[in-house]
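Chemist: The structure's right below; bear with me while I get my questions together.
The values are calculated or read from the model by the stated rules, or taken from the named source; none is laboratory data. Note that the coordinates shown come from a computational prediction; the quantities given were computed from them, not determined experimentally. When we count neighbours, we look across all protein chains shown, and the Cβ atoms used for this are built from the backbone with ideal geometry, even at glycine.
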């Protein structure tokens, strides 16, 4: 299982939002490139990059950070935030992203998203499904839909999408533990997908439980930045 640190960016700086609320922001002093290098040295191979400015403005904004990390590490970066058109995807690709992390477009504009998949290939997408009470939310969690998460995953599977990140909104930034029951139900119904857990991961036992149940990856944010999952642990974990 991949541990995938999350770099959430505003004005090129690392931040964390509580349940996606821009008014509840914590900034971290680390330089993104230097931290990415430390993570790579510790055995990390993937990085989840969230352009929060891009999500608000509807276009990629923090491309300079992506370019620097892609040029100076071998990390496989999935990039999300402001990806609302094929030209935006191309910008991110040219800046060094290995994958596109998208959510709302896959929910609200399925025909357009299908065109994206046809252009770039299903393996280039990590779909972010943000859920509240097992129903998908969009637009940075501000708009709740009635789309059931299992129906959404079935729709994605039909397009050949295999990598899906599922975040339980109520747990994000709370260090309350991952949505174990939800993930077990998803893996039971869709055993062939590569499920990436996100939200609530608070310690090493959480990661070990997710690995044991069959998750392909786990996105870690607050727990890493606040030292609850120390960077020294990654080197040990990457060998398992």
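Chemist: Mind checking which pairs have a first residue in the range 211-237 that is closer than 18 Å to residue 167 by Cα and a second that is in a helix (DSSP H, G or I) and at pLDDT below 85, Cβ under 8 Å, 6 or more apart or different chains?
Modeler: 224/231
Chemist: May I pose another question? Considering only residues that are in contact with a helix residue (DSSP H, G or I) (Cβ under 8 Å, 6 or more places away or on another chain) and not in a loop (DSSP other than H, G, I, E, B), which ones fall in the range 86-105?
Modeler: 86, 89, 91, 92, 93, 95, 99, 100, 102, 105
Chemist: Now for a separate question. Out of the residues in the range 36-85 meeting the condition of being touching a strand residue (DSSP E or B) at 6+ places or on another chain (Cβ under 7 Å), more than 30 Å from residue 108 (Cβ to Cβ) and not in a loop (DSSP other than H, G, I, E, B), tell me which one is modelled with the highest pLDDT.
Modeler: 36
Chemist: Run down 197, 170 and say which single residue is in contact with a helix residue (DSSP H, G or I) (Cβ under 6 Å, 6 or more places away or on another chain), under 20 Å from residue 8 (Cβ atoms) and not in a loop (DSSP other than H, G, I, E, B).
Modeler: 197
Chemist: Here's a follow-up. Going through the range 186-202 one residue at a time, which ones are surrounded by 15 or more Cβ atoms within 10 Å (Cβ to Cβ) and without any contact (Cβ under 8 Å) to a residue 60 or more places away in the chain?
Modeler: If the condition is that a residue be surrounded by 15 or more Cβ atoms within 10 Å (Cβ to Cβ) and without any contact (Cβ under 8 Å) to a residue 60 or more places away in the chain, then 186, 187, 190, 193, 194, 195, 197, 199, 200, 201, 202 are the ones that fit.
Chemist: (1) touching a residue at least 40 places away in the same chain (Cβ under 8 Å); (2) closer than 19 Å to residue 8 by Cα; (3) in a strand (DSSP E or B): which one isn't true of residue 147, the others all being true?
Modeler: (2)
Residue by residue, here is whether (1) surrounded by fewer than 17 Cβ atoms within 10 Å (Cβ to Cβ); (2) under 25 Å from residue 197 (Cβ atoms) holds:
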| residue | (1), (2) |
| --- | --- |
| 29 | yes, no |
| 62 | no, yes |
| 90 | yes, no |
| 101 | no, yes |
| 107 | no, yes |
| 123 | yes, yes |
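Chemist: Here's a follow-up. Residue 116 - would you say it is closer than 22 Å to residue 74 by Cα, at pLDDT 95 or above, part of a helix (DSSP H, G or I) and out of contact with any strand residue (DSSP E or B) (no Cβ under 6 Å at 6 or more places or on another chain)?
Modeler: Considered against the rule, which asks whether it is closer than 22 Å to residue 74 by Cα, at pLDDT 95 or above, part of a helix (DSSP H, G or I) and out of contact with any strand residue (DSSP E or B) (no Cβ under 6 Å at 6 or more places or on another chain), residue 116 comes out as no.
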